[in-house]
Amino acid sequence: MVEKKFVVPEILPILPVRDTVLFPGAVLPLTVGRESSLALVNALMGDEKLLGVVAQLDPRVEDPAAADLHKVGTLAKVHKTVKMPNGNVVIFLEGLQRIQVVDLISLRPYLRARIEAQPDLNAEQDSELEALQRNAQDLFRDVVSHSPQLSDDLHSVAANIDDPGRLADFIAGTLPSLSTMLRQELIETPSVRKRLETLIRELSKELEVLELRSKIHEQVQEQVGQNQREYLLREQMKAIQKELGESDDSMQEIDELRKKVEEAGMTAEAKKECDREIKRLAKMTPASAEYMVSRTYLEWMSSLPWSKSSGNQEIDIAKGREILDEDHYDLEKVKERILDYLAVKKLQPGMKGPILCFVGPPGVGKTSLGKSIARALGRKFVRLALGGMHDEAEIRGHRRTYIGALPGQIIQGLKRAESNDPVCMLDEVDKLGRDFRGDPSSALMEVLDPEQNYAFRDHYLDVPFDLSKVLFIATANWMDPIPEPLRDRMEIIELPGYTGEEKLHIAHKYLIPKQATEHGLKVGEQLEFSDDAIREIIHSFTREAGVRNLEREIATVTRKQARRIAEGKLDKMVVTPEIVREYLGVPKYRTEKEVEERVKKPGVAIGLVWTPVGGDIIFIEATRMRGGKQFTMTGHLGEVMQESMTAALTWVRANAERYGIDTDFFRKHDIHIHVPSGAVPKDGPSAGAAMVTALVSLLTGRPVRDRLAMTGEMTLSGIVLPIGGVKEKVLGAKRAGITEVLLPADNEPNAVADLTPEILGDIKITYVRTLDEVLEHALSKEVVAPPPIVPEPKTKTPQVGPDAPRAIH
């Protein structure tokens, strides 16, 4: 290529530029906007249009002087000018040669300076310079091949440059990694060798960085699997959606979860676990299964009432008493215990809640009492039904490794309550099961222990949760199935059954208004129950410790009146015993006359029993038949009850002579004792006294006195031992129409404490210490049937006469 010769003028207009260095041989488009620079461009005349391009020392200076410019620049030729709409001008410059500014002549209307040409030094071709040139070309080729910013054609251009100085300037103007300061240093360096050495050093650094970048990229690509590729693609999609203004649902979800976690007020350990889970969630794809697991966990954690309580409202003892009386009749012992708790809570707000356990037959108001306690305390109420629960995970929760895992019922109940101090009713705790899946009653031990439940750790949450503010109330029908360690953690409060008069008050005050409201009737205007009608329902159709069946029968009668009104019969109905029998049918339970009839015959005694649904009476029947030494016991009896019958027979045989009984009665007769209701299992020692009474009544012919029942365990020495369930048994006797009850003398303190005159009514309590006293009070004086008389065995009449045998001496 033949280079065009040009003459370097002595005085040259100077164009100051910011952060730009023009090398000889390079073509550069440059935008000109300063007033002085525009004046310079407009003043260029002729074909040459030469000017000097010199970089500013400080690019922030708007009107540079001589002190603001570098001393070395480039002589450039303007090939083309383009005017822009905004008034700026784009000029296309070609660098021709290095120049040095000797002196600045003028500043206005543009800079003009006296210059000198600066030729290349040390440009003589030798082996060293050729080696530097080839090394620079090779390094530049490698840089071009590794750099995504440089075109592959640049390598060919550099390979065709023979002049070392031009090669150095070409590489310096093309390499994007060179800083403006280093470019100015290269433009100020006249020595070709030094320029090539500097460029080789910079090219080596750049090549090392590019190779390392390529190596890292390859390593990352090898490690990226399907999930990582999806993540990268989704990240790109997010960026695209952001540019398009579209929403990113997954990121919004994560931001919302993060905000919920911050506002939940959870403990430091729980907060740390949630933060770790959020970081994992941000790296997952929404389509993965783990994403939903983590998201569900965070939603549970953020929705729990970690620091949310029912409020520090003032405790009003009088209002608490009013609420308890409004919802429940009687139950004074339970109400007193709750009011005691309220009083202590008022004086010591930080006290731990007691663990109460209400034990009583169905229908006496255990569950509804829990609701009243919550209302009196101003707290939320949560009921957990434990009946039939077999899996301990229902209490502690499932670990998150299981599909569909959830927290236990305790944590779920707190979430529903939206409070960390609700009243939690553990209903039917005596009906917990146990199998290969675990023992829920054992899991409840931690929950119901105030010394441990402040750091209850649910398997699903896997962080401690404070349950010490929760007031736990358990309910049970009877205590025997509850394990002793669990029973030890609870304060037992017994709720016995109601008497007939108590049921009468409950029916008038609660049950009838409730059923009338539910059936759209008005009490007093459209429906009214007489006392006799309610008593008829109580004694002939319900016979229960609670009031659940009573309410059910009242609802039946109420529906009949609702139907009458719907049919146009708008008159008020006063319910009488006759109407009760008309609507409810045949009485379901025996009357008092039936009880009297069954004990008229000797050998029948009435005992008292305790059941999970309240107390009741049982008949013990004894009979005899010709035979000898056979003792039969029937009636679905347990081992303990059979042993009591055997002991009763032994005592009667040992004391037969004292009561005028043939001492050989068991040798001559078989004895059979039967307890009716044979389909119902029966067990326990408390019917021992009644068994002795039935046997003595049978063998002496003296019937048991009318409407008299008894209970008590017997010994072979004739002592009557104390029994349990005194109140329930006496109430059961009262419901059956019994007028006198024989109780062991050692149970007198229990009877005095639990059986008030209002409860006893017409029942007479007689305390006995021995079986002799039992028989003295139980048996009537009149003999209805004589004791069994067994004829003597027939003997042959001695023969007289000649045919009579004779003794042989």
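Per-structure values
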{"read-out": "Charge dipole of the range 479-553 about the Cα centre (unit charges at C-beta), most positive-ward option of His519, Pro496, Thr542", "value": "His519"}
{"read-out": "The chain: angle of helix 317-327 to the longest principal axis, Cα-based, in degrees nearest 10", "value": "60 degrees"}
{"read-out": "Lys, Arg +1 and Asp, Glu -1 on Cβ, resulting dipole of the range 345-487 about Cα centre, debye, nearest 20", "value": "700 debye"}
{"read-out": "Gain on full stretching of the segment that runs from Arg667 to Asp706 - 0.36 nm per residue minus C-alpha separation", "value": "10.9 nm"}
{"read-out": "Flagged links, alpha-carbon separation over 22 Å, of Lys600/Lys764; Lys734/Lys764; Lys319/Lys503; Lys371/Lys509; Lys49/Lys194; Lys366/Lys431", "value": "Lys319/Lys503; Lys49/Lys194"}
{"read-out": "Residue-averaged 222 nm ellipticity for the chain, from DSSP H runs of 4+ at -39500 (n - 2.57), nearest 500", "value": "-12500 deg cm²/dmol"}
{"read-out": "Heavy-atom surface of the range 263-392, accessible at 1.4 Å and reported per residue (Å²)", "value": "49 Å²"}
{"read-out": "Residue-span extension gain [Thr296 to Lys371] - 0.36 nm each, minus C-alpha spacing", "value": "23.9 nm"}
{"read-out": "(1) 1.42; (2) 1.02; (3) 0.99, with the label sought being that of the calculated Rg/Rh (Cα atoms, Kirkwood Rh)", "value": "(1)"}
{"read-out": "Ratio Rg/Rh [Cα only; Rh per Kirkwood] for the range 368-481", "value": "0.96"}
{"read-out": "Space enclosed by the convex hull of the alpha-carbon atoms of the range 644-731, per residue, Å³", "value": "116 Å³"}
{"read-out": "Ala289 versus Leu347: modelled label distance in nm, points set 7 Å from Cα along the beta carbon direction", "value": "5.9 nm"}
{"read-out": "The chain, accessible surface, carbon-and-sulfur percent (1.4 angstrom probe)", "value": "51 percent"}
{"read-out": "Point-to-point label distance, Lys194-Lys431, nm (Cα→Cβ direction, 7 Å offset)", "value": "10.1 nm"}
{"read-out": "Selected from Met266, Tyr341, Gly408, residue furthest toward positive end of dipole (the chain; charges at beta carbon)", "value": "Tyr341"}
{"read-out": "Extension gain, Glu491 back to Asp153 (0.36 nm per residue minus Cα-Cα distance, nm)", "value": "112.5 nm"}
{"read-out": "Accessible area per residue in Å² at 1.4 Å probe, computed on the range 414-519", "value": "40 Å²"}
{"read-out": "Rounded accessible area of Arg416 (nearest 10 Å², 1.4 Å probe)", "value": "130 Å²"}
{"read-out": "For the range 64-155, accessible area per residue (1.4 Å probe, heavy atoms of protein chains only), Å²", "value": "55 Å²"}
{"read-out": "Met625-Thr739 FRET efficiency (beta carbon distance; Förster radius 56 Å; 0.05 resolution)", "value": "0.95"}
{"read-out": "Rounded to the nearest 20 debye, dipole of the range 294-337 from Cβ charges on Lys, Arg, Asp, Glu", "value": "400 debye"}
{"read-out": "Estimated FRET transfer efficiency (Arg563, Trp478; beta-carbon r; R0 35 Å; 0.05)", "value": "0.30"}
{"read-out": "Antiparallel bridges, percent of DSSP beta bridges restricted to the range 410-555 (to nearest 5)", "value": "40 percent"}
{"read-out": "DSSP-assigned coil residues among GluC sites (Glu not before Pro) in the range 95-155, each with at most 15 further Cβ atoms within 10 Å", "value": "Glu124"}
{"read-out": "Total charge dipole magnitude, the chain, about the Cα centre, Cβ charges on Lys, Arg, Asp, Glu only, Debye to nearest 20", "value": "2540 debye"}
{"read-out": "Cα-projected label distance for Arg280 with Asp19, points at 7 Å along beta-carbon direction, nm", "value": "4.6 nm"}
{"read-out": "Charge-dipole axis of the chain as Lys and Arg at +1 and Asp and Glu at -1 on Cβ define it, positive-most pick from Asn420, Leu167, Val752", "value": "Val752"}
{"read-out": "Antiparallel DSSP beta bridges within the chain, percent to nearest 5", "value": "55 percent"}
{"read-out": "Efficiency of FRET between Val7 and Ile240 - r from beta-carbon atoms, R0 45 angstrom, step 0.05", "value": "0.20"}
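The values are calculated or read from the model by the stated rules, or taken from the named source; none is laboratory data. This one's a predicted model, so the numbers in the text were calculated from it and none came from an experiment. A quick note on method: Cβ atoms are made from the backbone with ideal geometry, for glycine too, and the neighbour counts reach across all protein chains shown. Just the protein is used for accessible areas: all its heavy atoms, side chains included, with ligands, DNA and RNA removed. Shrake-Rupley method; radii C 1.70, N 1.55, O 1.52, S 1.80 Å.
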